[in-house]
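As C-alpha cells, the structure follows; a few thoughts come after it.
The values are calculated or read from the model by the stated rules, or taken from the named source; none is laboratory data. If you're wondering where the values come from, they're calculated on a predicted model, not measured in any experiment. Using ideal geometry, Cβ is built from the backbone for each residue, glycine included, and neighbour counts are taken over all protein chains shown. The area values use the complete protein model at the heavy-atom level, side chains included, leaving out ligands, DNA and RNA. Shrake-Rupley method; radii C 1.70, N 1.55, O 1.52, S 1.80 Å.
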Amino acid sequence: MAKLSRRQFLKAACLAGTSALVGACSDATRRLIPYVIPPEDILPGDATWYATTCRECPAGCGMLAKNCDGRVIKVEGNPLHPVNTGKLCARGQASVQGIYNPDRYRGPMVRGGDGKLSVISWESAEKVLSDRLSAFGSNGRREKVVFLTDLRTGAERDLIGRWLAASGSTQHVMYEPFAYEALRKANQTVFGTDAIPTYYIDKADFLLSFGANFLETWVSNVQFARQFAFFHAPKEGKKNAFVYVGPRLSMTAANADQWIMVPPGGESVVALGLLRLMLNQGPETGDRGPANNNPASALTADERAALKASVAPFTPDAVKRATGVKPDLLAALAGQLARAQRPLILAEGLGYQDPKAYETAVAANMLCSFFPGNLQTTDFSSPSSLSDVVKADRMKALADAMLSGEVHVLVIDRANPVFNLPVSWQFEKALRTVPMVVSFSSYPDETGEFAHLVLPTNTFLESWGDYSPRRGVHGLLQPVMGPLFETRQLGDILLSTGRKVKPEAFPEKDLYEVLRKAWSKKAKEAGAAAPSEAFWQESLQKGGVWAALKEERPARPRATTDSLIFSRPEASAASQSEGLAKGLGFIAYPTIQFFDGRMANRPFLQEMPDPVTQITWAGWVEINPETARRLNIEKGDMLTVRAEQGMVKGAAFPYFRIAPDTLAMPMGHGHSAFGRYTQSETTNPLHLASGRIDSAGGVIWPAATVAVEKEGRVVPIANTDGSAFQHGRDLVRSISLQQYRSTMAAVPEVTLPLPQGWDKRIDYYPPHQHIDYRWVMIVDLDRCIGCGACVIGCYAENNVGVVGRREVERGRHMAWLNIQRYFEADQPSIRFLPMLCQHCDEAPCESVCPVFGPQHNAEGINNQVYNRCIGTRFCSQNCPYKVRRFNWFTWKHDRPLQWQLNPDVTVRGKGVMEKCSFCIQRINAARIQARSENRLIRDGEFSPACVQTCPADALIFGNLLDAQSRVSKLIKQARAYQVLHELNTKPGVIYLKKITQVLT
Amino acid sequence: MSGAMSKEEGLRFSEVNQEILRTLQAPGRSYWALLSLLFLFVLFAGGVWGYQLRYGLGVAGYHPAGMWGVYLVNFVFWIGIAHSGTLISAILYLFRARWRTGISRAAEAMTIFAVMIAGLFPAFIHLGRPWVFYWIIPYPNQRFLWPDFQSPLMFDVLAVTTYFTVSLLFWYTGLVPDLAAARDRAQGLRRKLYGLFAMGWSGTDRQWHHYGASYLLLAGLATPLVISVHSVVSWDFALAIIPGYHSTIFPPYFVAGAIHSGLAMVLTLLIPLRKIFHFEKIITLDTLEKVAKTTILMGLIVGYAYAVECFIAWYSGNIFEKQSFLFRAFGYYAPLFWIMCFCNAIAPLAFFWRKVRRNIYCLFVIAILINIGMYVERFVIICGSMSHDFVPHAWGIYWPNWVDITITIGSFCLFLFLFMLFAKFLPSVAMAEVKEDAGPPLRRGGVYAR
C-alpha cells in the first residue's frame, strides 16, 4: 500500500463524504417538498372523505371519496343517500380510474387540417368558440347551436340552457343510449304519465321481470340491488319469488328463482299470455276491479272486454308455439301472480333484446295495475330523471338535421353517438358536415374524433355540480381533488365563453357561484330553518338534500286501455320460423361493467370477469351449444356476423343458457378510439342495429335475422374459469325452501376457527390462541348477486395489479377475491361463489413456506409478509382454495394511474405472493382508533373494502370472539357451511347456503 | 502384453493404470467441438435465465393453478439421477459387489454433477426472488429470523446439502490415489495440479489404511442418504394436501424411481464412454447386465406404485382423488401418463430376456426410454396433479414454453459439459479399486483372474 499523506487523506475523506451525501439523495427526495405551512384538511397519511355524487351512469348514487395526501384513491357509497344507501357498484368503484386515466385529454386542443390534434391555450380555445357563437347572436338565426350531453339536471342543466339561449338556441339534447322509450310510452298509455317511476322492489312480494336487468344496468342498479336483497331474503320461513323471462340468462336472471327462456321477441308473447290468463280468472283473483276497491286499475267493464278481446289470441298453446313456454309453466306463473298482494312486474322497455318492447311493457303495466298493492311498489310522484332524456327518434332527427346542414355548431359533452347509434343513421357522416364540432369530453372517443376543438372538462371527481336522479333527491358534487391536468369545469367554460357572447346573461364568476345560487333557492323551497350558508354546509357534508320518504303515495291516474293493439302471436311464431330458415336471432345486451360502453376505458373493468361468462378483455359472441354444434362452431372461432346493416366480428363462446338459434353480444366492446385499454378485434355489436324506430321512438333490435360464418381462425378467449362446473364437489351449496324451513333449528356443519374447533383425534398441533379478536367473514350465497362490486373495491383498495389480456389467458389474473360462477342443471342454473382467502385456522399454506412468509396472527388473520416471501410458491400449491396470487411480473401502472395507489398498502413487486388480507390496513386503523379510546372495536365499526361496497349485503365481517356480533349469530345458522370442510382447514370464511325455490 | 486379447480375459494388473490414464491425453478436435457447443448453449441458457431474472418468472410458461413447472421437474429428475450414482459407488461397495468397480467413479461423478445442477433449480431458477434465496439457510441475522423447519422445502435444503457434501467427500476421497497415479505420469502444470489435489499421496501403508477407513465411513454415510434424500424430496409433494401429491407411497416410490432413472442414466452415459475410450474390458458386458437386472427390480417397484395409486384413488371413495386420477389417465396429460407407464414399468421387463440385456443397443435404447419415462413421470405428478385440483374454477393447463425448455436443455448441456470435462481431465475409472479387485499380478490372467 502506498503511503497516504494527511492532506491526501483529508481530500479523500471529504470527497467520499460528500459523494455519499449526494448519492444518498435519490431523485425522488429532491422532488418531495415537505409542507412548511401545510394546507388545511391535509394531514400526511390521514385521509379526508368528501361527499359527492357518482356520475358514471344516470343512477346518480351518493359517493364518499377518500382523499389521501391530496389525491383521491378510493370511493365508497354515501350511507345517507337514498338511492344507494352506502354502496357502490363495480362501475362506481372503478371511477377512480377515470380521473387518472392515461388517455385523458390533458388540455385544450385544436384539430389541424391533417386531422391531428395540437395543443392550444385556454384563452385561444375559448375565443374560437365564443367568436363563433357571437356570430349567431348578431345574425338573429335560431336553432343553429346544438348542445349534446348525457343526462343533466339541476344547476348545470339550467346553465347549459342559459348558454344556449345566449346564442339564440334551445337545443339541449340529453342523449342516453338507454332511454327506455318503450317503457315511457307504455307508462303513458297505461298510467297516463310519460315518465319512469321509482320502483320499490323491497315493498313487493312477487317480482316478475321481462328482460329488465335491474341488478346490472336497468335504471338504477345499486338501488334495486339493495331493494332486491331485502325482497329476496327469507323471512319467517318464507321467501318472495322472482321470475325472469328472457332469451338469455343474464346476471339478473341468474338470481331469479326461475328463468323462463324465450326466443328474442317472446317476452311480449308470454306477458300477453299471462295477461289473458289473469283476465279470464274471476274477480277474486286476477283483476281486482272497482268492485274490489282497486284504485290502481278501475277498468270499466267495457274496457275489460276490449282488453280481453285484444289478448284473446294469446292462448297458452299459442304462447307455446311462439316461444316454447309450456302451458303448465304459464299457469303456474299466473297462479303465483294471482296469490301475490303486491307483485311488481318489470319490463325492460328497450329494443336491444326485444323487438316488441312496447307491447311487453304495456302488458307488464296492465298486470301491475290489477293489484292495489302496486301503488306501493311503483311511485310516479318521484319519477326518474331518465324521463327527461330524448328518445332515439330525436337523435335520428338530429342526425338528419346535421346532414342537411341545419346545425352549425355542435357541442358535445359525455355523449358518444357515433358508438351507440345505428350506423344507418350516419351520425358519423353528419358530424363531418357540421362546420364546428366542439368536444368538452374528458376522454377521446369515437365522437370526439370528429371534433374540431377539444376543451376538456374535469371529471366528476374534480368538479362542482349537482345531480338529481329522481324528483326529490338532489345530490351535490364537489371536487375531491384539484384538477389533474389543464382541464376546467364545464360550468366555468360556459360562463367564460357565454360572457364573451352576452355578458349580462352570465353575472356569476364561476360554476361554484351558480351552484350556490341554485342551492339557496333550494333552501328556500325546502323551507330550511337554518340560514343559507349553514344549509349549504350541511348539504355539502351530507352529499345533497332529499325529502324524507312519504309513506303514502298520491293517487295515480287510472289505467286505460285505449288504443291497445298487440301483434298477433302467430306473427311472432312465423317470424320465428322464418328466422330459423334464414338465419339466427341477434341481441346485444348492456353489461354491468361497461354500461352502454362508456366505462370500457377502465382497466379494472376490462379485467373484471363478466359475471356469467367469466370472460375478461375483448368481446365475444354467445351462441347456444346445440346451435354451435350444428354450425360446427367451437369456442374461440372468430365469427363474422352479417346483417343487412353491416357486419360485426367476435370470438364464439358457446353459452349454455341462451335460447337456441340466437346470438348475443355484450355492449361495450368494439371501441375504435377510446384509448389503449379498449383495443380488441371484436367490433361493436351496436353496428348491427336495424336503424328502424319503434312506435315508442326507440331503436329496434334485433336486426333482421343474421348470418354467421367462421373466419377460419381461433382466437384465445381470456376467461378466468378453468371449468364451468362443480363436478360433484359441492363447493357452492344450496337448499330448497322446504329443506330450509324444516332444518332451521339444525346445528350447522361448521368447524369453528377457534380453540373450540380443535379435536384431539384429528389435530396434531395445538390450537391458535386469539387475543381479543378472531376476524371472520360470512358470505351469504342467497344474497350474493354476482355483481363484482366487491372485486373492484378490492382492486382499488389493495393496489391489485391489472395484468392484461394475454396474462389472463395464462391464468395469471390477480384478483384477491373472485366471483366464481358454476353452472348447475337445476334452477337457478348458475351459482355464484365469492372465493377469497379463507384465513384458515389451520392453514395448509403456513406450514409449507420455508421462510415464514404466511403467518397466522393473533387475531386469526393469515398474514402474507411480502418482504419475506422468496417466491417458492409452495403456499399457493398447498392452498386447496387456490386464492393465492403470485406476481409473475412487476405489473405496470400506466401513468398517472399510479396516483390511485393506496399508500397504506404495499405495492408488490415481482416474485412475491399475495392474497386477501381482510384489509388488514383497515383493521389496524380501527384497532388503533379503538385503543386510543381505551376500548375494543365495535361490531360494524369498520369493514373491509369488499364488505363495505356489497350492494346486497352478502358479505358480513366481524369478530367471532364477540358473542354479540352479527357473525357470531350468523355462524350458528343451519345454512352455514365451510367450503372443503373435510380438509380440516377450519376456514374463517363461512358460507350460508343459497335457498332455492321453484314456481308451484 | 499388448495385442489381441479375448474379452473375457480382461485387463492385466500392469495394464490398468496405463489403459485408464491413456484417456487423459490431449483430446481430438471432435471433443473440443462438442465441448464448445455445449458451453455455448450453457451460456445461452444462462442468458435466458438472466432475462427471467430481469422480467420475472412470468416469462416462463407457468399457468396457474400450476405454480410449479418444469424447473421443479428438473430438480427432482436430477436428484434422482444422482441417487443411482451413490447406489453404485456406496451401497454396492458395502455389499461388496465386485462388478461395480469399473463404473463407480463415473457414477459418483454423475452424482456430483447431477446434485450441483439439481441445486441450481430450486435456489436460483425456480424462486420468485432468487436474490434472497439465502434466507432459506439458517444463518445468524440481525432480525433473529429462523427459516421454518416445518416446511418440506427446508428438509430439502438440509438433505440435499448434506447429500452433496457427503458425496463430494466420498468421491474426492476415492479419487486421491488415482490423482496421485495421474500426477506420477504427468508433466508441467498438470503435474502440479494433480499433485495439489492428490495431497501428497505416496501410497504408504498408513495412507492406504486411512483411505480404506474413510472410504468405508463415507460409503456408510452416503448409503442412508440415498433413501432419505429422495424421501425428503418426495415429501415436497406428499406433505401437500393436493390429490395426486398427497400419497404415503411417495417415499419408496420416489426412491425406487430415482434409482431407476439413475441406473438408466448410468447406462446412457457409460455405453458411449465405454465405446469411445475402449473400456470394454473394464466396463464389461457383465457389469452392464447386472445394472440391467437391477433396473428390472426398480421398474417393478415403480409399476407397483402406479398400480397402488390407481387402486387408492378408487378405494378411497374420495371424489377429488378419483377425479384427479381419471384426469391423469384420460385428461389432457393422458398421453404423457401412458408414455410414463410404458417406458418405466413395461419397457424394463424386456431385460428378463438374456439376449436383450446382453445387447448393447437394446441396453442403450431401453435406458433412453426409461430416462424419458422418468422425466415424464415427474412432469405428470408435479404439473399434472396441480392442473386439476380441488376448485374447478382454478383449473388450468400448463405447458413449458421456450424459456422453460431452453433452461432445461441448458441443464442437460451443463451436465454433459461437466461430464466431458471429467472424462478428459480425471481418471474416469477407479484404478485403485480395479486393481484391488484384480488378483496379484500374474503372468497370465487379467483383472478378474480370480
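A run of chain B free of exposed loop cleavage sites, with chymotrypsin sites (Phe, Trp or Tyr not before Pro) counted only in DSSP states other than H, G, I, E and B and at most 13 other beta carbons within 10 Å, reaches its longest extent at B:150-352. The long axis of helix B:250-277 is offset from the longest Cα principal axis of chain B by roughly 40 degrees. What the Cβ-Cβ distance of B:L285 and B:F44 gives, at R0 = 35 Å and to the nearest 0.05, is a FRET efficiency of 0.35. Averaged over the residues of B:56-66, the number of partner chain Cβ atoms lying within 10 Å of the residue Cβ comes to 6. Extension gain, A:T300 to A:T193, is 36.5 nm, computed as 0.36 nm per intervening residue step minus the present C-alpha separation. Mind checking the stretch A:416-513 for trypsin sites (Lys or Arg not before Pro) that DSSP puts in a loop (not H, G, I, E or B) and that have at most 16 other Cβ atoms within 10 Å? Taking the stretch A:416-513 and a limit of 16 other Cβ atoms within 10 Å, the loop trypsin sites (Lys or Arg not before Pro) found are A:K509. Put simply, chains B and A cover up around 4400 Å² of each other's accessible surface, both sides summed, when a 1.4 Å probe is used.
Computed from the Cβ-Cβ distance with R0 of 30 Å, the FRET efficiency linking B:R98 to B:H209 stands at 0.90. From most to least packed by mean Cβ count within 10 Å, the peptides A:617-630, A:79-92 give A:79-92, A:617-630. The magnitude of the dipole of the stretch A:823-890, with charges of +1 and -1 set on the Cβ of Lys/Arg and Asp/Glu and taken from the Cα centre, is near 380 debye.
Size estimate for the stretch A:853-1000 follows the Kirkwood approach: the inverse of mean 1/r over distinct Cα pairs works out to 18.0 Å. Reported value for chain B: 168 Å³ per residue, from the convex hull of its C-alpha atoms.
Rolling a 1.4 Å sphere over the protein heavy atoms, what is the accessible area per residue of the stretch B:6-90, to the nearest Å²?
So the stretch B:6-90 comes to 39 Å² accessible per residue, rounded to a whole number.
In chain A, taking the dipole from charged Cβ atoms about the Cα centre, the farthest positive-side position among A:W122, A:V423, A:H172 is held by A:W122.
When nucleic acids and ligands are ignored and a 1.4 Å probe is applied, A:D637 ends up with an accessible area of around 20 Å².
Among beta bridges identified by DSSP and lying wholly in the protein assembly as shown, the antiparallel ones come to about 60 percent. Using Cβ point charges alone (K and R +1, D and E -1), the dipole size of the stretch B:294-441 about the Cα centre works out to roughly 480 debye. For the pair A:K127 and A:R106, label points projected 7 Å from Cα toward Cβ lie 2.4 nm apart.
Which of the GluC sites (Glu not before Pro) found in the stretch B:285-361 are in a DSSP loop and have at most 13 neighbouring Cβ atoms, other than their own, within 10 Å?
Loop-located and lightly packed - none at all.
Could you order A:D328, B:D178 by accessible surface area, starting with the largest, using a probe radius of 1.4 Å?
Putting A:D328, B:D178 in descending order of accessible area: A:D328, B:D178.
Three principal axis extents of the stretch A:701-786 based on alpha-carbon atoms, in descending order, are 66, 36, 28 Å. With a 10 Å cut-off around each Cβ of A:864-876, the average count of Cβ atoms from other chains is 6.
Quickly estimate the mean residue ellipticity at 222 nm for the protein assembly as shown, helices only: each DSSP H run with n ≥ 4 gives -39500 (n - 2.57), and the total goes over all residues, rounded to 500.
Computed ellipticity for the protein assembly as shown at 222 nm equals -12500 deg cm²/dmol.
For the pair A:A858 and A:S424, the difference between a 0.36 nm per residue extended length and the Cα-Cα distance amounts to 149.7 nm.
Relative to the longest principal axis of the Cα atoms of chain B, the long axis of helix B:104-120 lies at roughly 30 degrees. Other residues with beta-carbon under 10 Å from the beta-carbon of A:P444 carry, at +1 per Lys or Arg and -1 per Asp or Glu, a net charge of -3. Any idea what % of Cα-Cα pairs in the stretch A:293-444 are farther than 20 Å? Value for the stretch A:293-444 (Cα pairs over 20 Å): 67 percent.
Here the spin labels are modelled as points 7 Å beyond Cα on the Cα-Cβ line, and at A:F230 and B:L421 they lie 7.7 nm apart.
About the Cα centre of the stretch B:181-305, what is the dipole size in debye to 20, counting +1 per Lys and Arg Cβ and -1 per Asp and Glu Cβ, all else neutral?
640 debye
The angle between the Cα long axis of helix B:152-185 and the main principal axis of chain B comes to about 20°, on a 0 to 90 degree scale. Mean per-residue shielding of peptide B:144-155 is 5, counting Cβ atoms of other chains within 10 Å of each Cβ.
When only alpha carbons of the stretch A:376-465 are considered, Rg and Dmax amount to 15.7, 51 Å. Taking only protein heavy atoms and a 1.4 Å probe, the accessible area of the stretch B:170-227 is 67% carbon and sulfur. May I ask you to derive the FRET efficiency for B:I137 and A:F485 from their Cβ-Cβ distance with R0 = 56 Å, giving the value to the nearest 0.05? Working from the Cβ atoms, E equals 0.65. Mind checking Rg over Rh on the stretch B:151-251, alpha carbons, Kirkwood formula for Rh? For the stretch B:151-251, the value is 1.22.
Over all alpha-carbon pairs of the stretch A:573-698, lay out the pair-distance distribution in 5 Å bins, whole %, shortest bin first. All Cα pairs considered, the percentages come to 2, 11, 20, 23, 20, 13, 8, 3, 1.
Pairs A:K66/A:K87; A:K203/A:K326; A:K649/A:K710: which are spaced more than 18 Å apart, C-alpha to C-alpha? In this structure, A:K203/A:K326 lie more than 18 Å apart at Cα.
Whole-percent P(r), the protein assembly as shown, all Cα pairs, 10 Å bins from 0: 1, 7, 14, 17, 17, 14, 11, 8, 5, 4, 2, 1, 0, 0. Overall shape of the stretch A:188-229 was characterised from the C-alpha gyration tensor. The equivalent ellipsoid obtained from it has semi-axes of 19, 12, 10 Å, in decreasing order. Taken along the Cα-to-beta-carbon direction at a fixed 7 Å, the label points for A:R938 and B:Y51 span 6.0 nm.
Kirkwood-type hydrodynamic radius, the stretch A:184-257: 13.2 Å, calculated from all non-identical alpha-carbon pairs.
For the stretch B:323-358, applying the loop criterion from DSSP together with a ceiling of 16 other beta carbons within 10 Å to the trypsin sites (Lys or Arg not before Pro) yields B:R358. Normalising by residue count, the stretch B:229-346 has a Cα convex hull of 113 Å³ per residue.
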